[in-house]
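The values are calculated or read from the model by the stated rules, or taken from the named source; none is laboratory data. Quantities reported herein were computed from a predicted structural model and do not represent experimental measurements. Note that each Cβ is placed from the backbone with ideal geometry, even for glycine, and that neighbours are counted across all protein chains shown. Just so you know, the surface numbers come from the protein's heavy atoms only, side chains and all, with ligands and any DNA or RNA stripped out. Shrake-Rupley method; radii C 1.70, N 1.55, O 1.52, S 1.80 Å.
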Amino acid sequence: EWNAKHFRLFVGNLGPDVSDSVLEAAFAKYSSLAKVKVIMDHRTKTSKGYGFIAFEQAEDYLKAFKEMNGKYVGARPVTLKRATSEL
């Protein structure tokens, strides 16, 4: 369950090697990180290539967007966007 008050980012271009724990470790430096979810393919048990992260504070959300967009998480550079859909 996602908290509607949190600030969420869509994380794209994730490699099949990226799990929730890998994504969480990449964004752990932001103290208000609240939740991480990599969307998995149930058949192959690997990442579908995208996920979501949520922050309690707008400052961390904006800082993470500026600092992490294009940075490598696993073997690929990630693309970040504002998450707009409900999970």
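Non-local lysine pairs in the chain, meaning eight or more places apart or on different chains, with alpha-carbon distances under 21 Å, amount to 29. Counting only Cβ charges, +1 for Lys and Arg and -1 for Asp and Glu, the dipole size of segment 7-82 around its Cα centre is about 240 debye. A probe of 1.4 angstrom, applied to the heavy atoms of all protein chains, finds Ser32 with accessible area near 10 square angstrom. Couplings 3J(HN,Hα) for segment 37-49, derived from phi with the Karplus relation 6.51 cos²θ - 1.76 cosθ + 1.60 (θ = phi - 60°), are 8, 8, 7, 9, 7, 5, 6, 9, 6, 10, 4, 7, x Hz, where x marks Gly and Pro. Of the residues Arg43, Arg76, the one with the largest accessible area comes first in the ranking Arg43, Arg76, computed with a 1.4 Å probe on protein heavy atoms.
State in Å² the accessible area per residue of the chain; use a 1.4 Å probe, count heavy atoms of protein chains only, and round to the nearest integer.
62 Å²
Think of it as helices only: each DSSP H run of n ≥ 4 in the chain is worth -39500 (n - 2.57), and spread over all residues that comes to -6500 deg cm²/dmol at 222 nm.
Taking the C-alpha atoms only, the angle from helix 58-68 to the longest principal axis of the chain is near 40 degrees. Ordered by solvent-accessible area of protein heavy atoms (1.4 Å probe), largest first, the residues Met68, Met40 come out as Met40, Met68.
For Arg8, the accessible surface of its heavy atoms amounts to roughly 30 Å² (probe 1.4 Å, protein chains only, rounded to the nearest 10).
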